[in-house]
1. Can you give me the three principal axis dimensions of the stretch A:262-338 from its C-alpha atoms, in Å, biggest first?
2. Across 5 Å bins from the origin, how do the percents of Cα pairs in the stretch A:27-74 run, short distances first?
3. Taking the stretch A:131-195 on its own, what percent of its Cα-Cα pair distances exceed 13 Å?
4. Taking beta carbons within 10 Å but only from partner chains, what does the mean come to for residues A:164-174?
5. Determine which aspartates and glutamates satisfy two conditions relative to A:Lys191: a Cα distance under 13 Å, and not lying fewer than 8 residues away in the same chain.
6. Of B:Leu10, B:Phe149, A:Val87, whose Cα points farthest to the positive end of the dipole of the protein assembly as shown (charges on the beta-carbon: +1 Lys, Arg; -1 Asp, Glu; origin at the Cα centre)?
7. Name the residues of the stretch A:294-317 whose amide N is less than 20 Å from a point 7 angstrom out from the Cα of A:Arg226 along the C-beta direction?
8. Could you order A:Tyr273, B:Tyr99 so the one with the most accessible surface comes first? Probe is 1.4 Å.
Amino acid sequence: MSERNLRRRFWASFAWLTLGLGLAIVILRFQLGLGAVTNLSDQFPWGLWVGFDVLCGVGLAAGGFTITALVHLFHIRRLEPIVRPAVLTAFLGYVLVIVALVIDLGRPWNLWHPLVMWNPRSVMFEVSWCVMLYTAVLALEASGMLFEHLGWRRALTLQKAFTTPLVVAGVLLSTLHQSSLGAFYLLSPGKLHPLWYSAALPLLFWISSVAAGFAMVLVESRLSGRAFGRELEMPVQRLVGRMLLGALVVLALARGLDLAVRGVLAHVFDGTYEASLLQLEVTLGILLPIVLLSHRRWRARASGLWAAGLLTVFGFVIHRLNVSITGFEASRGATYIPAWTEIVVSLALVTAGFLAFRWVAAHLPVFPPRALARVPDRARRWTR
Amino acid sequence: MKIIRPQGILIDITRCLGCGQCVEACRTLHGQSPEPEPGARLSASDRTVVDERYSQPVRRMCMHCLDPACASACPVAALRKTAAGPVVYDASRCLGCRYCLQACPFDVPRYEWDQPVPSVVKCDLCADRLAAGGLPACVEACPAEAAQFGPRDELIAEARRRIADDPTSYHPRIYGLEEVGGTSVLFLSPVSFEELGFPTGLPSEPLPDRTAVAIERVPGIVGVGALFLSAVWWITKRREEVARAEGPAEPPRRRRPDPPETTGNEEEHHV
Ligand code: SF4
Ligand code: SF4
Ligand code: SF4
């Protein structure tokens, strides 16, 4: 057996082990309550599952609305080849967010309640509606791949006819709930550390999700390129890189301006725990990728784009965790460190996402035909 | 017809003996053993406690905010402010999202972390007893009249009178008068509220105003957004058609290879 095969086997067993363990923990959670498998408390009612699985999951799926908008509304045809992977990533991302919610909510069997029990003043109410509707929109957008695979011509034609309104709805719904995830925290002045608490949180969440969406496209292209032995289409990747650069520059300006206007810019450098976390998040996730992407030499290379994408994603995750968890530590007078069981469940969800993407990509026309030649064989071996 | 005047409780810390009768009454009412949990912190079984960590024994309980953050946060209106004053909870609606815990500026709601079917737990100002014409159990149990129940405006007048009559024993501030837009539960103290661990930096506007600003933008974003996106769609489509009609004079790939350094700004209108 070749070394490559061995490595594949190792990762495959690791993936299935994580999934199995995650499932066992989820079963325990439903028998014994959230307290048995999490470090959540009355001081930290939201932990890793909200901060990472939900906030980051939704944010990183933003490529779904940005890429579809650029291609179908802005008619930037060169991005066409990445529409389907982006829509698939987004759809799977949202499905996983909903799975995470089912695990995290105390009474998930009431998940449908917002449909009939209304409280339009609640940001959570708005988010529930948007997530439900947008997942449906994504399912419809992704259904084209299925129809094409099944050879259902008429369904495909019908689906295509509705593309524009679907994309418009997708952009609007995404804009609303991406920003609303930031609006959650508007209720917490004095609880969330002033380095992060801002009336502009909704806008900042939206801009950073746009950047994270582009970054995920770069990361996802590279990963699937490797998995399926597919050549990266560099012109497309470079274009996405430039868009990521644009989004990051806007984000950097917005973050800087926000800190300055609120008069806390000086606190970024006062050496506190929070200040270092903010520096980490901004350096890693905004400044470094900007530097990388603005050098033509790096932007032209697959490895440069990959690094920029990965850094942006890391920085994005740190930002969301700072807003949802670490930014609350000082005012709570308590700390929250996720239990290993919480981490395993989060890992299991990410793993499920990867496996699902591979499986779908191996069976449905996700990538343009030219690139598909070697897909089925290798991908199936992995998911078997 | 009688107009309902919103009711509340005035807690006078100068009178509190720290005897814990209120806690016992509340626990008994909710079917628990009278003895509170050690640590004297609100918990899934203690809706009120007498906190002994400070120079004075201090009652803790839900403030029954006039415009409660918890109720505005709740996606299914499981928490709501009643006209009579109490902020009540209906477990049958609850999703268990814990946004109410996250939102409450006074850190009041508690969660049953060890239950497979968990509820939010907090004081409901004995809403059922009030509806039946009674008093909150804790008020009734207090031997020192440290807690007084009544219409909020009367309680405020009473609090002002006590401060005016004895300015040396009282700190001049009534806690709950303005905090987050006012609360139905009010506190009087011999020392500053900071010293007793109360959150003192709270804004005087209701917290839900802050999320309302975001939510009120929704129709505008949808309207302007839909218009803008349709316009972009139409214009870029036209441009594409024109380019196609004009033939290969302008090849679609004219921007390859990577054009000279971009500032990043040119993408702004895309994002
Ligand atoms: S004190 Fe907290 S729980 Fe009580 S009404 Fe106000 S926001 Fe709600
Ligand atoms: S936990 Fe229940 S009561 Fe609290 S906000 Fe969520 S649904 Fe409402
Ligand atoms: S009003 Fe009722 S529920 Fe609230 S603390 Fe007093 S006895 Fe307990």
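The values are calculated or read from the model by the stated rules, or taken from the named source; none is laboratory data. The structure presented is a predicted model; accordingly, all values stated were derived computationally and were not measured. Neighbour counts are summed over all protein chains in view; Cβ atoms, including those assigned to glycine, are modelled from backbone coordinates with ideal geometry. Side chains included, ligands, DNA and RNA excluded: accessible areas come from the protein's heavy atoms. Shrake-Rupley method; radii C 1.70, N 1.55, O 1.52, S 1.80 Å.
1. Projected onto the principal axes, the Cα atoms of the stretch A:262-338 cover 47, 31, 18 Å.
2. 5, 17, 16, 16, 12, 9, 8, 7, 7, 4, 0
3. 69
4. 3
5. A:Glu329, B:Asp107
6. A:Val87
7. A:298-317
8. Most to least solvent-accessible, the answer reads A:Tyr273, B:Tyr99.
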